[in-house]
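The values are calculated or read from the model by the stated rules, or taken from the named source; none is laboratory data. These figures come from a predicted structure and were not determined experimentally. Neighbour counts are summed over all protein chains in view; Cβ atoms, including those assigned to glycine, are modelled from backbone coordinates with ideal geometry.
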Amino acid sequence: MTTRRAFLLGLAASGLLAVATPSGAWAAPADFVPHAWIRVSADGTVALTCHRSEMGQGVRSSLPALLAYELGADPARIEVVQADGDPAYGDQDTDGSRSVRTQQDLMRRLGAVGRIVLERVGARRLGVPVAAVTSRDHAVWHEPSGRGVPFGDLATEAAAEPLPDRVTLRADPPASGWDLPLVDAHAQVTGAARYVADIVLEGQCTAVIVRPPVLGSSVVSFDDTEARAVPGVVDVIELPAPSGPPGFQPLGGVAVVAEDTWTAKRAAERLRVTWSQSPHDGASWTQDLAAMREAVARPGTARRTRGDAEGALGSAAKRLDATYVVPHLAHAALEPPCAVARRTEDGCEVWASTQTPQAARSMVAEVLGLDEAKVTVHVPFLGAAFGRKSKPDFAVEAALLADRVRRPVRVQWLREDAMRQGYVHACSVQRLEAGLDGDGRLVAWRHRIASPTIASTFGDAHELRDSELGQGIGDQPLEVPALSVETHPVQERLRIGWMRSVYNINHAFAIQSFLDELAHARDTTLPDLLKEVYGPPRRYTPEEAGAEIWNYGASLDEHPIDVGRYHRVIDRVRALSRWDEPAPEGRARGFAVHRSFLTYVAVVVELSRGTRGGPRLERAWVVADPGRIVNRDRVRAQLEGAVVFGATVALHGRLTLEDGRVREGNFHDYRLLRMNEAPRSIDVELITEGEPHGGVGEPGVPPVAPAIANAWFALTGERVRELPLT
Amino acid sequence: MKLVVNGVEHTLDVDGETPLLWVIRDRLRLTGTKYGCGEALCGACTVHLDGHAVRSCVTPVARAEGRRVTTIEGLSPDGTHPLQLAWERHGVPQCGYCQAGQLMNAAALLDEVGAPTEEQVDRAMAGNLCRCGTYLRIRAAILDAGKGR
Ligand code: FES
Ligand code: FES
């Protein structure tokens with residue numbers, strides 16, 4: 001009970017208290033509902049709201065646990081209510097590995113509001129001063145006498161109480177988090193958990209949409225005779241083509257609406273659509289890749305300059321030069337995008353597998369010409385998302401169709417649609433050059449990048465933005481006197497979007513692979529070289545960098561680039577994996593470290609040759625320093641999952657373009673790592689020493705692919721410069 | 001046609017070529033069984049046909065006629081199949097979307113071999129994708145549940 005801090009709430013000012021009810025039967029008159037996150041009912045139920053989307057990261061355990069902690073509720077006995085999309089909840093965008101980081105303080109303050117009122121009422125009931133009571137386990141207690149009153153018995157009285165305008169928080173939760181119950185596990189293992197496709201409304205039909213196969217083309221005409229002849233087809237509807245940059249707009253195309261999914265799919269196959277020409281007709285990955293390779297051979301736009309890199313490279317005693325390629329990648333969440341919409345008399349009700357329910361709501365309102373207040377967006381479980389579901393285009397499709405058909409419509413993206421017409425992870429070609437002096441010290445560093453920008457999805461932009469370079473380049477604490485970072489414009493062919501870890505995947509792969517090449521050239525090992533080139537423990541500042549440092553929207557005071565934390569994860573994974581002992585016969589290990597989303601992660605991977613001669617993952621060791629955490633087991637689960645996700649990047653992931661179209665369509669040609677390819681063990685060690693919360697969902701991914709590529713080199717002597725490896 | 005799913009007999013008027021997956025989901029409204037690929041490439045739609053794991057997305061419903069179909073909803077009456085318990089103990093699910101298929105596939109494996117070895121688990125489960133990457137926990141949970149056999 002040491003660090004009790006008082007907070008001015010400012011809740012009324014921010015509008016948070018104005019939120020009415022998260023869902024239909026949220027509150028009865030006798031319930032205590034101080035605000036939209038807490039409901040204590042007279043029957044003793046404590047319902048807490050989760051306003052972020054659950055997509056496997058465990059946010060429905062962690063955010064409510066913080067509310068429960070301050071409230072004094074037992075997290076094993078709470079009911080979690082999923083919020084609809086409503087700006088009254090503040091920021092609901094579930095992305096950037098930041099739900100806990102940016103919402104934890106708010107959750108605690110909101111929980112404390114409830115506790116203060118319940119304690120006030122409880123003290124009255126117990127006939128003791130309010131300072132003598134505490135709330136825990138769903139009740140208010142007078143500890144000296146051992147008497148307590150359950151929350152439920154206080155609800156009605158609490159409902160009539162004024163809310164405090166100031167709250168005092170409890171002592172901070174443990175920096176290393178809690179082991180929390182998984183609120184939804186039982187529903188998930190019994191098939192009871194509801195995803196969007198499981199929502200069934202009276203009279204609902206299903207739509208499968210044939211979208212333009214090439215970005216920028218649209219419907220010229222279509223013949224639906226055969227499609228309409230399939231029994232069970234309700235209607236065939238042309239959707240409007242997007243205007244201007246893609247943004248979150250649907251791609252247009254022709255929708256087949258049918259009584260059931262199978263009918264919709266078969267009828268859609270029978271549509272004959274003529275598409276307009278597109279500037280991307282004829283584009284191919286081979287040509288685009290050649291153009292990007294050619295670009296990085298030349299100087300680009302200077303983005304960061306220190307000293308004279310050109311001169312220093314020219315006079316270096318030894319020079320290394322390598323070009324790395326990461327192709328376009330697909331999110332490939334196992335649940336393809338899906339939304340259900342019902343047009344009501346004066347509004348629209350939508351269920352969407354979305355990470356951005358508020359954006360879905362405003363877009364639906366806009367396309368239907370409705371007042372936002374008349375649009376409701378519900379968020380069932382997401383069958384994972386990885387950034388794809390930050391774009392609510394599919395919710396808009398469902399709303400448009402429900403409006404036309406005047407029956408509830410489910411838009412079901414098929415796997416092939418999701419693979420070919422999503423928002424892909426940006427490809428990247430990066431050339432790295434390093435100069436070493438006579439003593440082997442790094443004296444020059446040049447990094448040239450050709451990679452499409454996500455900004456191209458929203459406007460006329462073709463070169464990486466600072467925030468994109470900030471993901472693993474601008475924030476690298478490289479101690480090198482001469483440095484140049486240059487970019488080239490790239491003609492994008494597809495809608496480029498965020499995918500888990502985003503540009504960090506590309507940049508970590510190139511930099512950690514190249515540093516490994518450097519380590520071999522220097523006859524040292526990567527962990528030693530890393531500590532040398534990152535320099536001694538210190539704060540890496542914009543002054544030292546000679547440039548602004550993009551820091552995931554966080555201040556560098558609160559979340560500095562702490563070289564000591566790099567050292568710590570490097571040293572700990574080195575010890576954990578017994579890096580300095582030889583690998584077992586027939587195996588080799590690779591190393592990589594990366595900071596992203598304010599979290600430091602070092603990875604060691606051990607490989608052997610599989611039966612077909614390719615890489616076989618044997619073991620992985622992960623040491624992560626995310627600062628404070630809430631939900632310990634879910635943090636581990638995210639890091640384990642990140643190894644598998646990163647291994648798919650390393651071994652299998654690649655979308656290619658032919659004739660302007662994505663070639664891959666399903667899991668036979670876009671392979672995901674399988675259980676028989678997964679390592680035998682993944683050892684995760686967490687460093688949680690009390691620094692502020694960093695991200696968890698994404699930072700585990702970037703170091704995995706380079707660690708695998710580096711291990712493959714150690715095993716075979718073959719350097720992997722183009723992903724995927726197999 | 002008559003279809004027996006989880007011990008309940010249904011009489012349906014449906015084209016025999018329709019994949020079992022869509023009959024289960026769209027007609028019977030048993031939504032625990034998931035669509036992931038439609039091409040027998042991911043395992044999300046795994047159900048049992050006379051106790052054997054099949055991919056319902058490529059199984060014409062006609063093939064299920066006169067046989068016992070079991071879906072995740074019928075794996076146990078109250079969610080206490082040893083695998084379901086092990087899944088909860090090991091904190092397996094992340095997004096959960098693949099897990100019904102994983103469980104059904106694993107249940108058929110346990111019925112077939114009792115206590116599988118790690119290699120048998122890997123071989124049997126190789127067709128069930130999990131994009132969230134829960135494989136190590138699935139493996140551990142199956143081995144754990146198999147021990148009790
Ligand atoms: S949906 Fe049947 S195997 Fe993927
Ligand atoms: S838990 Fe998400 S796909 Fe397996």
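Return the residues of region A:664-696 that are within 16 Å of ligand 1 (Cβ to nearest atom) and among the charged types (D, E, K, R); say none if nothing qualifies.
Those that are within 16 Å of ligand 1 (Cβ to nearest atom) and among the charged types (D, E, K, R): A:E664, A:D669, A:R671, A:R674.
Check off (1) at the interface with chain A (Cβ under 7 Å from one of its Cβ atoms); (2) away from ligand 1 (no atom under 16 Å from the Cβ) for B:L103 and give me the number that stays unchecked.
(2)
Can you tell me which residue within region A:409-441, out of those that are outside any strand (DSSP E or B) and hydrophobic (A, V, I, L, M, F, W, C), is surrounded by the fewest Cβ atoms within 10 Å (Cβ to Cβ)?
For region A:409-441, the residue satisfying everything is A:L414.
Just one of the numbered conditions (1) assigned to a helix (DSSP H, G or I); (2) under 22 Å from A:Q412 (Cβ atoms); (3) among the aliphatic types (A, V, I, L, M); (4) more than 14 Å from ligand 1 (Cβ to nearest atom) is not true of B:A62; which one?
(2)
Can you name the number of the only condition in (1) crowded, with 24+ Cβ neighbours inside 10 Å; (2) farther than 23 Å from A:P706 by Cα that A:T487 fails?
Result: A:T487 passes all but (2).
Of the residues A:H567, A:H594, only one is in the same structural domain as A:L686 (by TED's automatic domain parsing), part of a helix (DSSP H, G or I) and not aromatic (F, W, Y); which?
A:H567
The conditions are (1) within 14 Å of another protein chain (Cβ to nearest Cβ); (2) more than 16 Å from ligand 1 (Cβ to nearest atom), and A:M363 fails exactly one of them. Which is it?
(1)
If the requirement is being within 16 Å of ligand 1 (Cβ to nearest atom) and either closer than 26 Å to A:V662 by Cβ or surrounded by fewer than 18 Cβ atoms within 10 Å (Cβ to Cβ) (or both), which of these qualifies: A:E294, A:E238, A:E310, A:E335?
Step by step, each of A:E294, A:E238, A:E310, A:E335 is checked, and only A:E335 is within 16 Å of ligand 1 (Cβ to nearest atom) and either closer than 26 Å to A:V662 by Cβ or surrounded by fewer than 18 Cβ atoms within 10 Å (Cβ to Cβ) (or both).
Of the residues that sit in region B:41-59 and are more than 13 Å from the chain's Cα centre (by Cα) and part of a loop (DSSP other than H, G, I, E, B), which one is nearest to ligand 1 (Cβ to nearest atom)?
B:L41
Take the conditions within 12 Å of chain A (Cβ to nearest Cβ) and either within 16 Å of ligand 2 (Cβ to nearest atom) or of a type in the set (G, A, S) (or both) and apply them to B:G36. Does it pass?
yes
Residue check, B:D26 against (1) more than 16 Å from the chain's Cα centre (by Cα); (2) touching a residue at least 12 places away in the same chain (Cβ under 8 Å); (3) at the interface with another protein chain (Cβ under 10 Å from one of its Cβ atoms); (4) not in a loop (DSSP other than H, G, I, E, B), all met but one. Which one?
(2)
Cβ-Cβ below 8 Å, separation at least six or inter-chain, first residue in region A:397-417 and facing another protein chain (nearest Cβ under 10 Å) and over 22 Å from A:A359 (Cα atoms), second modelled with pLDDT of 95 or more and in a helix (DSSP H, G or I): which pairs?
Note: pairs meeting the criteria are A:L414/A:K265.
Cβ-Cβ below 8 Å, separation at least six or inter-chain, first residue in region B:35-61 and over 17 Å from B:L109 (Cα atoms), second assigned to a strand (DSSP E or B) and more than 11 Å from ligand 1 (Cβ to nearest atom): which pairs?
Short answer, once both residue conditions are applied: B:Y35/A:Q412; B:T59/B:L49; B:V61/B:L3.
Which of the residues that make up region B:86-118 are acidic (D, E) and either within 11 Å of ligand 2 (Cβ to nearest atom) or touching a helix residue (DSSP H, G or I) at 6+ places or on another chain (Cβ under 9 Å) (or both)?
Those that are acidic (D, E) and either within 11 Å of ligand 2 (Cβ to nearest atom) or touching a helix residue (DSSP H, G or I) at 6+ places or on another chain (Cβ under 9 Å) (or both): B:E88, B:E112, B:E118.
Only one residue in B:L75, B:L28 is more than 16 Å from ligand 2 (Cβ to nearest atom) and closer than 17 Å to B:I142 by Cα. Which one?
Every option except B:L75 fails the conditions.
Is it the case that A:E349 is more than 14 Å from chain B (Cβ to nearest Cβ), out of contact with any strand residue (DSSP E or B) (no Cβ under 8 Å at 6 or more places or on another chain) and under 27 Å from A:V256 (Cβ atoms)?
The answer is no for A:E349.
Just need a number here: residues in region A:641-666 that are at the interface with chain B (Cβ under 10 Å from one of its Cβ atoms) and crowded, with 24+ Cβ neighbours inside 10 Å.
8
Tell me, which strands (runs of 3 or more DSSP E) wholly within region A:16-131 include 2 or more residues that are buried (at least 24 other Cβ atoms within 10 Å of the Cβ)?
The qualifying strands (runs of 3 or more DSSP E) are A:32-35, A:38-40, A:46-50.
Filter region A:174-191 down to the residues that are at the interface with another protein chain (Cβ under 7 Å from one of its Cβ atoms) and of a type in the set (A, V, I, L, M) and list them by number.
A:L182, A:A185, A:V189
Suppose we filter A:G474, A:G438, A:G459 for residues that are within 20 Å of A:P703 (Cβ to Cβ), more than 16 Å from ligand 2 (Cβ to nearest atom), assigned by TED's automatic domain parsing to the domain that holds A:Y552 and over 20 Å from the mean Cα position of the chain (by Cα); which single one remains?
A:G474
Filter region A:307-360 down to the residues that are among the acidic types (D, E), under 17 Å from the mean Cα position of the chain (by Cα) and part of a helix (DSSP H, G or I) and list them by number.
Result: no residue meets the conditions.
Inside region B:124-149, can you point out the residues that are more than 16 Å from ligand 1 (Cβ to nearest atom), more than 8 Å from chain A (Cβ to nearest Cβ) and aliphatic (A, V, I, L, M)?
If the condition is that a residue be more than 16 Å from ligand 1 (Cβ to nearest atom), more than 8 Å from chain A (Cβ to nearest Cβ) and aliphatic (A, V, I, L, M), then B:A140, B:A141, B:I142, B:L143, B:A145 are the ones that fit.
So, A:L271, is that one in contact (Cβ under 8 Å) with a residue 40 or more places away in the chain, closer than 30 Å to B:A100 by Cβ and touching a strand residue (DSSP E or B) at 6+ places or on another chain (Cβ under 6 Å) or not?
no
Looking at B:P77, B:P82, B:P93, which one is within 12 Å of chain A (Cβ to nearest Cβ), touching a residue at least 40 places away in the same chain (Cβ under 8 Å), surrounded by fewer than 20 Cβ atoms within 10 Å (Cβ to Cβ) and more than 14 Å from ligand 1 (Cβ to nearest atom)?
Of B:P77, B:P82, B:P93, the one residue that is within 12 Å of chain A (Cβ to nearest Cβ), touching a residue at least 40 places away in the same chain (Cβ under 8 Å), surrounded by fewer than 20 Cβ atoms within 10 Å (Cβ to Cβ) and more than 14 Å from ligand 1 (Cβ to nearest atom) is B:P82.
Just the residues that are surrounded by fewer than 22 Cβ atoms within 10 Å (Cβ to Cβ) and either away from ligand 2 (no atom under 16 Å from the Cβ) or charged (D, E, K, R) (or both), please, taken from region B:119-135.
Hits for region B:119-135 are B:E119, B:Q120, B:D122, B:R123, B:A124.
Here is a check on your reading of the model: is A:A175 touching a residue at least 24 places away in the same chain (Cβ under 8 Å) and farther than 22 Å from A:W37 by Cβ?
For A:A175, the condition - touching a residue at least 24 places away in the same chain (Cβ under 8 Å) and farther than 22 Å from A:W37 by Cβ - is met.
Can you tell me which residues in region A:394-422 are under 26 Å from A:G660 (Cα atoms) and of a type outside the set (A, V, I, L, M, F, W, C)?
Of everything in region A:394-422, those that are under 26 Å from A:G660 (Cα atoms) and of a type outside the set (A, V, I, L, M, F, W, C) turn out to be A:E397, A:Q412, A:R415, A:E416, A:D417, A:R420, A:Q421, A:G422.
Among (1) within 16 Å of ligand 2 (Cβ to nearest atom); (2) within 11 Å of chain A (Cβ to nearest Cβ); (3) in contact with a strand residue (DSSP E or B) (Cβ under 8 Å, 6 or more places away or on another chain), where does B:T46 come up short?
Unmet condition: (2).
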